[in-house]
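K.L.:
Below is a structure I'd like to ask you about.
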Amino acid sequence: MTPADASDQRLCVRPGTVVSLVLEPRTDDKRWTDVQSSARVFVLPTGWRLDADGTARASLRCAGTRAGTADVTALAKAPDVAGAPRVAFTLHVNVVPYTTQG
């Protein structure tokens, strides 16, 4: 997904799922800096990488046995501007257990 598509997305996955998050280069002067999770027990970002062309990649490992929700945020900022990076993209992840009956 690109920032032009939307800055707020939702995803529903099964426990144990690994999601590859690919953020295309931004059209403004900002660059992706990091990915963070609001609940690392449910979704753990790993393998953060920023390519030379500005594409950012991360793996999101979802809990193997638990169900819950987490907001995964991607931060961006201009490299030559002081201050902390700001949230530029949010992915709401719902980890949903398998049905036991029906």
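K.L.:
Which of the residues that make up region 21-59 are open to solvent by 40 Å² or more (accessible area, probe 1.4 Å), outside any loop (DSSP other than H, G, I, E, B) and touching a Gly at 6+ places or on another chain (Cβ under 9 Å)?
P.N.:
Correct list: 31, 57.
K.L.:
Got at least one residue in region 6-19 being open to solvent by 70 Å² or more (accessible area, probe 1.4 Å), in a loop (DSSP other than H, G, I, E, B) and of a type outside the set (Gly, Ala, Ser)? Reasoning before the result, please.
P.N.:
Start the filter on region 6-19 by keeping residues that are open to solvent by 70 Å² or more (accessible area, probe 1.4 Å), which leaves 8, 10, 12, 14, 18.
Filter once more, keeping what is in a loop (DSSP other than H, G, I, E, B): 14.
Checking the rest, the ones that are also of a type outside the set (Gly, Ala, Ser) come to 14.
So far as region 6-19 goes, yes, one or more of its residues are open to solvent by 70 Å² or more (accessible area, probe 1.4 Å), in a loop (DSSP other than H, G, I, E, B) and of a type outside the set (Gly, Ala, Ser).
K.L.:
For region 76-102, give me each residue that is among the small types (Gly, Ala, Ser) and either surrounded by 18 or more Cβ atoms within 10 Å (Cβ to Cβ) or over 22 Å from residue 7 (Cα atoms) (or both). Quick ask: steps written out before the conclusion?
P.N.:
At the first step, the residues of region 76-102 found to be among the small types (Gly, Ala, Ser) are 76, 78, 82-84, 88, 102.
Listed by number, the residues that qualify are 76, 82, 88, 102.
K.L.:
If I ask for residues that are in contact (Cβ under 8 Å) with a residue 40 or more places away in the chain, farther than 15 Å from residue 35 by Cα and open to solvent by 60 Å² or more (accessible area, probe 1.4 Å), which ones from region 61-75 would you list? I'd like the intermediate steps shown before the answer.
P.N.:
Restricting attention to region 61-75, the residues satisfying the condition of being in contact (Cβ under 8 Å) with a residue 40 or more places away in the chain are 61-67, 72, 74-75.
Going one step further and asking which of them are farther than 15 Å from residue 35 by Cα, we end up with 63-67.
If the condition is that a residue be in contact (Cβ under 8 Å) with a residue 40 or more places away in the chain, farther than 15 Å from residue 35 by Cα and open to solvent by 60 Å² or more (accessible area, probe 1.4 Å), then 65, 66 are the ones that fit.
K.L.:
Out of 59, 38, which single residue is among the small types (Gly, Ala, Ser) and under 10 Å from the mean Cα position of the chain (by Cα)? Break it down into steps so the answer makes sense when it comes.
P.N.:
On the way: 38 fails: under 10 Å from the mean Cα position of the chain (by Cα).
Exactly one residue qualifies, and that residue is 59.
K.L.:
OK, next. Can you pull out the residues in region 81-98 that are free of Cβ contacts under 8 Å to residues at least 12 places away in the same chain and within 24 Å of residue 49 (Cβ to Cβ)? Before the answer, list the steps.
P.N.:
Of the residues in region 81-98, the ones free of Cβ contacts under 8 Å to residues at least 12 places away in the same chain are 81-84, 86.
Within region 81-98, 81, 83, 84, 86 meet the criteria.
K.L.:
Give the residue, chosen from 67, 52, 58, 74, that is among the aliphatic types (A, V, I, L, M) and out of contact with any strand residue (DSSP E or B) (no Cβ under 7 Å at 6 or more places or on another chain). Write out each step before concluding.
P.N.:
Values: 67 fails: out of contact with any strand residue (DSSP E or B) (no Cβ under 7 Å at 6 or more places or on another chain); 58 fails: out of contact with any strand residue (DSSP E or B) (no Cβ under 7 Å at 6 or more places or on another chain); 74 fails: out of contact with any strand residue (DSSP E or B) (no Cβ under 7 Å at 6 or more places or on another chain).
Of the residues listed, the single one that is among the aliphatic types (A, V, I, L, M) and out of contact with any strand residue (DSSP E or B) (no Cβ under 7 Å at 6 or more places or on another chain) is 52.
The values are calculated or read from the model by the stated rules, or taken from the named source; none is laboratory data. Note that the structure is predicted; figures quoted are calculated from it, not measured. Cβ sites come from the backbone with ideal geometry, for glycine too, and all protein chains shown count toward neighbours. We work out accessible area using only protein heavy atoms, side chains counted, and drop any ligands, DNA or RNA first. Shrake-Rupley method; radii C 1.70, N 1.55, O 1.52, S 1.80 Å.
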